[in-house]
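The values are calculated or read from the model by the stated rules, or taken from the named source; none is laboratory data. Quick caveat: nothing in here was measured; it's all calculated off a predicted structure. Cβ: placed from backbone, ideal geometry, glycine included. Neighbour counts: every protein chain shown. Surface accessibility is based on the protein's heavy atoms, side chains included, excluding ligands, DNA and RNA. Shrake-Rupley method; radii C 1.70, N 1.55, O 1.52, S 1.80 Å.
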Amino acid sequence: MSFLEIFAFLLDGFKISLLIFAVTLLCGAPLGLPIAFCSMSRFKPIRFITKVFVWIIRGVPLMLQIFIIYYVPSLLFGLDIWKRVNLYFTTGNQLSYAGSVIAVLIAFIINYACYFSEIYRGGIESISKGQYEAGYVLGLSKNQVFKNIVLKQVIKRIVPPMSNEIITLIKDTALANCIMVGEIIYKANVLAADKALIWPLFFTGVFYLVFVGLLTIVLGKVEKNLNYFRS
Amino acid sequence: MALLEVKNIQKNFGKTEVLKDISFSLEKGEVLAIIGSSGSGKTTLLRCLNFLETPDKGTISVGDKLLIDGADKTTLKDEQIRENRLHFGLVFQNFNLFPQYNVLQNITLAPTLLKKGTTEEIEQNALRLIDQVGLSEKIKAYPCELSGGQQQRVAIARALAMEPEILCFDEPTSALDPELTGEVLRVIKGLKNENSTMIVVTHEMEFAKNVADKVIFMADGIIEEIGTPEQIFENPQSEKTRTFLQNSLESF
Ligand SMILES: Nc1ncnc2c1ncn2[C@@H]1O[C@H](COP(=O)(O)OP(=O)(O)O)[C@@H](O)[C@H]1O
Ligand SMILES: [Mg+2]
């Protein structure tokens, strides 16, 4: 295999990594919000249930959660949904793993939504009561106060922890390979095991480094844009 | 007829009785100073007036309008509370400016959201208020770029922008370095000359003596003594008032 062929082969894998990254971020970040609000709910049972759920999801390895989502439907309910989706999308001898990707995405979205929710909660709870009250005594409604006064301060506080979490996410996508999803490390492993090629393993690192580098620059810009005020 | 009529306000936090039986009234254009040692319930009283706390008993009326009757256990609707709040303004001890907005935006935010006029009217009014508190140089500055005294003056302008009938101050100079208290007290004094109705909780006895029309000394959740500055400062009737004034003199 030429360098270009190997590059393309690895790039195919990295596309899967990016897909998991993007979908998890786009779904998990908004889903974190209702979870955050539930964990701050005035109703004790809701608060309790949410906190226990978040505790479990954050306390158990993501790999275990992927296995559970992947195997529970078939082994517990006899519904082989993920494999059926795989087969459905398989054409000729081009084996599809779309079903496995969906299983991975579900595990990732739930897991990351819980992490994000804790960041949101921390951010919201860190805003002083005085900021709300200053808005209320001017006659503003709760919604107006949250939208126009609190939100931007929360965003400023959560950008650094969110940046960390987002950078962890791109590296976590490698976990998908535990159920044979062909992300980039899976591909590099194929090259090492079948073709006895060692350098693609190292080269794989370059993909991550470049992407993390780009993310760092973008997130740094966001952080800098909020530097004009201190709170 | 008094502008503000507070009758028999009581407020408990759990088992602690913080306000026991507070009644007083205030005429339009009057300045009321509230003094008293820490923990006597001064802040809680101002918070009741601004509907940040709900009194357990008693009534608050402005003009001839009954705003709240604590004994009436049907909870007020959010909209009703917001409407009630518009009669009052509150300046906090620690300013609570909105950090992400500059001076002008801090002042125009609420009038804009509550549609108190056109954008130009609101801005013109804000600029006038900024001038009044002496901060015309700082229109575009963010709170983090201002001294405590400047921040407090912005906070006063922000409260004035909603044109409250009664403006309350909760120890407006307590968080300030001594050399900065003067500029804030001068602004409040200036408001008195414009006939604003104000309630000022303060530890600045000189200020209370010179600016207030009426002084309340609070102790343990009750009004221990009420009178003109002359009566309270020169000729206090209650032993507690005398002790308090003695102590506050000694600390200087
Ligand atoms: N939200 C609250 N919950 C419980 N106790 C409170 C609360 N707010 C104030 N208190 C108590 O009420 C008393 C009076 O407080 P405050 O009104 O702040 O007094 P002051 O402003 O005169 O120092 C204090 O003993 C304080 O601990
Ligand atoms: Mg106080």
query = In region B:28-41, is there at least one residue being open to solvent by 10 Å² or more (accessible area, probe 1.4 Å), near ligand 1 (Cβ under 8 Å from one of its atoms) and under 20 Å from residue B:228 (Cα atoms)?
reply = yes
key: Filtered residues of region B:107-134 (kept if in contact (Cβ under 8 Å) with a residue 24 or more places away in the chain and over 27 Å from residue A:147 (Cβ atoms))   = B:132, B:133, B:134
key: Selection status of residue B:55, within 13 Å of chain A (Cβ to nearest Cβ) and open to solvent by less than 70 Å² (accessible area, probe 1.4 Å)   = no
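To keep it simple, each residue is scored yes or no on (1) touching a residue at least 12 places away in the same chain (Cβ under 8 Å); (2) within 18 Å of residue B:33 (Cα to Cα); (3) outside any helix (DSSP H, G or I); (4) away from every other protein chain (no Cβ under 12 Å).
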position: B:159; (1), (2), (3), (4): yes, no, no, no
position: B:162; (1), (2), (3), (4): yes, no, yes, no
position: B:172; (1), (2), (3), (4): yes, yes, yes, yes
position: B:179; (1), (2), (3), (4): no, no, no, yes
ask   = Quick one: residue B:144 ticks every box in (1) touching a Lys or Arg at 6+ places or on another chain (Cβ under 7 Å); (2) surrounded by 18 or more Cβ atoms within 10 Å (Cβ to Cβ); (3) not assigned by TED's automatic domain parsing to the domain that holds residue B:200 bar one, so which box is it?
value = (2)
Residue selected from region B:138-150 under the condition in a helix (DSSP H, G or I) and within 12 Å of chain A (Cβ to nearest Cβ), by the criterion farthest from ligand 1 (Cβ to nearest atom) = B:145
Complete set of residues in region A:85-104 that are farther than 23 Å from residue A:21 by Cβ and either touching a helix residue (DSSP H, G or I) at 6+ places or on another chain (Cβ under 7 Å) or of a type in the set (Phe, Trp, Tyr) (or both) = A:88
query = Can you name the helices (runs of 4 or more DSSP H) wholly within region A:40-154 that have at least 2 residues being within 30 Å of residue B:168 (Cβ to Cβ) and not charged (D, E, K, R)?
reply = A:129-137, A:142-145
task = Residue by residue through region A:115-163, note down the ones that are among the acidic types (Asp, Glu) and either facing another protein chain (nearest Cβ under 9 Å) or closer than 28 Å to residue B:77 by Cβ (or both).
result = A:125, A:133
query = With respect to residue B:155, is the statement that it is under 21 Å from residue B:44 (Cβ atoms) and within 13 Å of chain A (Cβ to nearest Cβ) true?
reply = yes
message = Could you check region B:181-201 and list, in sequence order, the residues that are more than 14 Å from every other protein chain (Cβ to nearest Cβ), within 16 Å of ligand 2 (Cβ to nearest atom) and either open to solvent by 20 Å² or more (accessible area, probe 1.4 Å) or closer than 29 Å to residue B:112 by Cβ (or both)?
response = B:200
ask   = Can you name the residue in region B:32-78 that is among the polar types (S, T, N, Q) and part of a helix (DSSP H, G or I) and, of all such residues, is farthest from residue B:248 (Cα to Cα)?
value = B:44
